[in-house]
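Data block below; observations after.
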Amino acid sequence: MSLHTTELDNILPLVARGKVRDIYQVDENTLLFVATDRISAYDVIMSNGVPAKGKILTKLSEFWFDFLADTIPNHLVLAKSDDEHLFAKLPKELSQDKYKRQLSGRSLLVRKLKLIPLEVIVRGYITGSAWKEYKKSGTVHGLKVEQGLLESQEFPTAIFTPSTKAEQGEHDENISPEKAAEIVGQELCDQLADAAIKLYTKAKEFAKTRGIIIADTKFEFGLDSDNKLVLVDEVLTPDSSRFWNAKTYAVGQSQDSYDKQFLRDWLTSNGLAGKDGVAMDDEIVVKTKAKYIEAYESLTGSKWVD
């Protein structure tokens with residue numbers, strides 16, 4: 001069974017429901033992030049979910065938060081959210097079985113911070129929307145880049161290509177770094193770019209040793225009370241990144257991906273891309289879950305146990 005939507009009966013105030021996460025307020029300084037099994041494509045949430053997807057995303061994020069902890073602080077209150085420590089910090093009513101079934105293994109207790117209103121995207125390889133723009137105009141997010149690149153080719157250096165952070169149901173908009181600086185200020189924009197490229201590069205080099213190419217990824221950041229950058233949300237998962245199999249990687253073509261490509265391809269071939277109320281076929285659910293597990297096991301070196 002998959003968990004599509006949490007229901008905590010107002011024991012904690014619901015702050016927001018995102019594409020994947022339900023967010024609750026624990027106290028004035030603390031939030032509870034619950035990764036459901038919802039899955040979206042083309043900015044539309046499917047009506048059914050992928051069983052255990054939220055748990056996989058949570059454990060993979062915890063792995064990366066730990067891996068990157070000496071590079072940048074993160075928003076986790078508990079570095080490892082085992083049930084004993086998690087539920088000890090939540091209202092006692094949530095220890096009932098009907099709530100534990102919703103929260104166990106898929107919840108992060110995090111600091112409440114001032115969020116920066118940008119999707120901080122770093123691209124190491126040219127693919128997706130960047131490739132489409134490049135073929136048309138020779139630019140990526142309005143930036144002039146090296147000419148003569150082939151599809152899926154690695155950039156000489158990773159590039160910062162931000163987008164707007166849209167409300168649920170709306171589309172994120174690719175913007176130039178100059179436009180991002182207009183939104184958050186030049187100094188903060190430069191800090192974001194430097195931090196994101198440093199984090200991406202560290203993760204990319206590690207992932208290569210595990211047989212995975214991280215083509216691009218999306219980070220989100222907040223500011224603490226001292227206006228210092230903090231890494232928030234999820235990090236380096238198949239939902240926020242494009243993972244390729246290094247063994248089958250070849251320049252000049254699209255790549256086998258560990259993300260939601262099965263779902264996107266199925267929606268497109270059936271004329272369902274961007275339409276509401278779509279339920280995935282069982283085959284798509286099974287294949288998608290298998291890819292998420294494969295990515296988790298390859299990167300962490302740990303066997304996934306449902």
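The values are calculated or read from the model by the stated rules, or taken from the named source; none is laboratory data. As the structure is a computational prediction, the values presented were derived from the model and not from experiment. Note: ideal-geometry Cβ built from the backbone for every residue, glycine included; neighbour counts use all protein chains shown. Note: accessible area is taken over every heavy atom of the protein model, side chains too, but ligands, DNA and RNA are not part of it. Shrake-Rupley method; radii C 1.70, N 1.55, O 1.52, S 1.80 Å.
Quick look at the numbers
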read-out: Subset tally (residues that are open to solvent by 70 Å² or more (accessible area, probe 1.4 Å) and in a loop (DSSP other than H, G, I, E, B)) for the stretch 87-116; value: 3
read-out: Residue among GLN147, GLN191 that alone is more than 21 Å from ARG264 (Cα to Cα) and either in contact with a His (Cβ under 9 Å, 6 or more places away or on another chain) or assigned to a loop (DSSP other than H, G, I, E, B) (or both); value: GLN147
read-out: Conditions (1) under 28 Å from LYS165 (Cβ atoms); (2) in a loop (DSSP other than H, G, I, E, B); (3) among the hydrophobic types (A, V, I, L, M, F, W, C); (4) open to solvent by less than 40 Å² (accessible area, probe 1.4 Å); number of the one not met by ALA203; value: (2)
read-out: Count of the stretch 190-239 residues which are in contact (Cβ under 8 Å) with a residue 12 or more places away in the chain and under 18 Å from SER152 (Cα atoms); value: 14
read-out: Qualifying residue in the stretch 280-289 (condition: in contact (Cβ under 8 Å) with a residue 12 or more places away in the chain, surrounded by fewer than 18 Cβ atoms within 10 Å (Cβ to Cβ) and more than 15 Å from the chain's Cα centre (by Cα)); value: yes
read-out: Hey, ALA158 among the small types (Gly, Ala, Ser), outside any strand (DSSP E or B) and either in contact (Cβ under 8 Å) with a residue 12 or more places away in the chain or open to solvent by less than 40 Å² (accessible area, probe 1.4 Å) (or both) or not; value: no
read-out: In the stretch 206-234, residue nearest to TRP244 (Cα to Cα) [restricted to those that are hydroxyl-bearing (Ser, Thr, Tyr) and not in a strand (DSSP E or B)]; value: THR209
read-out: Condition check for LYS80: in a loop (DSSP other than H, G, I, E, B), in contact (Cβ under 8 Å) with a residue 60 or more places away in the chain and within 20 Å of the chain's Cα centre (by Cα); value: no
read-out: Some residue of the stretch 132-148 being open to solvent by 10 Å² or more (accessible area, probe 1.4 Å), touching a residue at least 12 places away in the same chain (Cβ under 8 Å) and of a type in the set (Lys, Arg); value: no
read-out: Test: residue in the stretch 209-224 that is at pLDDT below 95 and on the phi > 0 side of the Ramachandran plot; value: no
read-out: Complete set of residues in the stretch 35-73 that are hydrophobic (A, V, I, L, M, F, W, C), part of a helix (DSSP H, G or I) and open to solvent by 20 Å² or more (accessible area, probe 1.4 Å); value: PHE63, PHE67
